[in-house]
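Below is one structure, written out as structure tokens; the observations come after it.
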Amino acid sequence: MFRKVLIANRGVVATRIARTLESMGIEWVAVHSKVDEDLPYVRGANEAYCLGAATPRESYLNYDAILSAIKRSQCDAVHPGYGFLSEDPNFARLVTDSGVRLIGPRPLDVETMGNKIRARDRMEGAGIPVLRASKRVPEDVENLKEYAEHVGFPMLVKAAAGGGGIGMQRVSDESKLSIAVEKTRQLSARAFGDGTVYLEQYLEEPRHIEFQMVGDGRGGVRPIYERDCSIQRRHQKVIEETPAPKIDRKACDAMGERLADVLSDWNYESLGTVEMLMGRDGSFYFLEMNTRLQVEHGITEAVTGLDLVEMQIAVAAGKDLADTCPPKIIRKGHAIELRIYAEDPVRFFPSAGKLIKFQPPKMTNVRVETPFAEGCLITPYYDPTLALVIVHGSDRLGAIKLAREALNAFSIEGVKTNIPFLHLVLSSDEFHGCRYHTTIGEQLSKKVA
Amino acid sequence: MTDVEVKSEVTGTIWKIEMKVGDAVDVGDEILIVESMKMEIPVMASIPGRISKITVSEGQPVEEGDTLAIIEAQK
């Protein structure tokens, strides 16, 4: 097993990983930007290295500074968390080349799945259903119509690189297509340094269902149930739950098994999540695969009793899946995660400031992941997550009730939060009746005011 | 002639300035984009007119309520 692990990340995920490392008796090392130096977990760390100034490029994306911290700390493994460098195959190679283990999939799998066109082709080749899509649209495209013809309107113009729906646009007819393609190209080039664009069939009011996977790199792959992440705003998840309600259970479980077989053929290693869209008729379509720990992994842990981060570390250290994963994974009850964001609840604009008051709920069956405490500064440099609240009930209704109680008990002053929006969703008929889809967030937000 | 200040609604950094002094604007035209917490927030003209001043530069940090530009309102 590893002796010392450097956590190349910040915030919620850094504290989450540190907790498991401590429970496993492994030393951990924090890295941080200048503005994060007073966060409680950085101050509490036995060993911490400042990477540089606040912007991600100078700190959490700064190869040189992180590699230097890895060297100085003499750690034997690095956990990249999620976001930042977690899906950067070049970083993975640099770490591996320096003789340190990167806790994650093989760089080649990260690279392939990180490009949505290649990922889609790979899944389609393995017999997994995909949406109609065009090939890569070249920069000097002469006849866009040829690319659009087979896809059909309405369609989505998407960036091949990156994630989080950045640059994604819905186009209803041909007249707006070329402008949309250009805009997506620009946004993507700026955000990911890659302006590759493609066109994809637009699915009306889909649900987002994703499948948690873990593999040991030797063909052992286990599916660990699904999560429903349909409640989003600006293409970012806000509420996730497991099990997915009102779903064809047999078809859903069969899809999980099928995906596990595909990943097993690839000898996939580490945690991974296959994201699928589900149409109104219940059919699944591959969306993308995240080759890393997922933000919402906590709800899977709540219902299975597993520690996914521990499993990820164990397989990275060379353990067989059979030794880290119970032969039968049983799912009990229903779990919901609420992402508490520092943002205006109506327009979803970020809200920076000082946490004058910050009292997370302390309740049974409620887990709160947060790196913050009263007095902390919420800066505009990173994502707006203040906390993740994970509730576990005996059934869906119980979990919803607990979620609302937990929100009521969460007291935050100093920045605006999306708590009013979360309340609104939890009390909506759409959420209760599972009549929701990935654009419901925008529709409901208009009712907050 | 009335001048209208265009203010930032968020704390963040100026990512991109899309217009220059002298440009004519209509309601809803994007003047510049502020980046905050990994989100791009367009700042738009609230009245028709002409840009008479841009008080920030790309890469500059701004606070909520800071003036970013001034529009000379159309008569």
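The values are calculated or read from the model by the stated rules, or taken from the named source; none is laboratory data. These numbers come from a predicted model, not from an experiment. Heads up, the Cβs are rebuilt from the backbone with ideal geometry, glycines too, and the neighbour counts pull from every protein chain shown. Protein only, heavy atoms only, side chains kept; ligands, DNA and RNA dropped before computing areas. Shrake-Rupley method; radii C 1.70, N 1.55, O 1.52, S 1.80 Å.
For every residue, the table says whether it meets (1) more than 14 Å from every other protein chain (Cβ to nearest Cβ); (2) of a type in the set (Phe, Trp, Tyr); (3) touching a residue at least 12 places away in the same chain (Cβ under 8 Å).
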{"position": "B:Trp15", "(1), (2), (3)": "no, yes, yes"}
{"position": "B:Ala24", "(1), (2), (3)": "yes, no, yes"}
{"position": "B:Ile31", "(1), (2), (3)": "yes, no, yes"}
{"position": "B:Lys38", "(1), (2), (3)": "no, no, no"}
Query raised in the report: Just one of A:Glu374, A:Glu337 is at pLDDT 95 or above and either part of a helix (DSSP H, G or I) or closer than 22 Å to A:Leu444 by Cα (or both); which is it?
Result: A:Glu337
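Residues are listed down the side, and each one gets a yes or a no for (1) within 14 Å of chain B (Cβ to nearest Cβ); (2) buried (at least 21 other Cβ atoms within 10 Å of the Cβ):
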site: A:Leu321; (1), (2): no, no
site: A:Pro326; (1), (2): no, no
site: A:Ile330; (1), (2): no, no
site: A:His334; (1), (2): no, yes
site: A:Leu338; (1), (2): no, yes
site: A:Tyr341; (1), (2): yes, yes
site: A:Ala352; (1), (2): yes, yes
site: A:Gln359; (1), (2): no, no
site: A:Asn365; (1), (2): no, no
Query - In region B:18-55, residue surrounded by the fewest Cβ atoms within 10 Å (Cβ to Cβ) [restricted to those that are among the β-branched types (Val, Ile, Thr) and either closer than 30 Å to A:Arg10 by Cα or touching a helix residue (DSSP H, G or I) at 6+ places or on another chain (Cβ under 7 Å) (or both)] - result: B:Ile33
Query raised in the report: Would you pick out the residues in region A:38-68 that are within 25 Å of the chain's Cα centre (by Cα) and of a type in the set (D, E, K, R)?
Result: A:Arg57, A:Glu58
Query - The one condition in (1) modelled with pLDDT of 95 or more; (2) open to solvent by 60 Å² or more (accessible area, probe 1.4 Å) that A:Ala45 fails to fulfil - result: (2)
**Report entry** Close pairs (8 angstrom Cβ cut-off, 6 or more residues apart or separate chains): on the phi < 0 side of the Ramachandran plot in region A:1-27, among the basic types (Lys, Arg) and open to solvent by 30 Å² or more (accessible area, probe 1.4 Å) anywhere
**Finding:** A:Phe2/A:Arg101; A:Ile26/A:Arg3; A:Glu27/A:Arg3
Query raised in the report: Do you know which of the residues in region A:274-319 that are in a loop (DSSP other than H, G, I, E, B) and β-branched (Val, Ile, Thr) is least open to solvent (accessible area, probe 1.4 Å)?
Result: A:Thr291
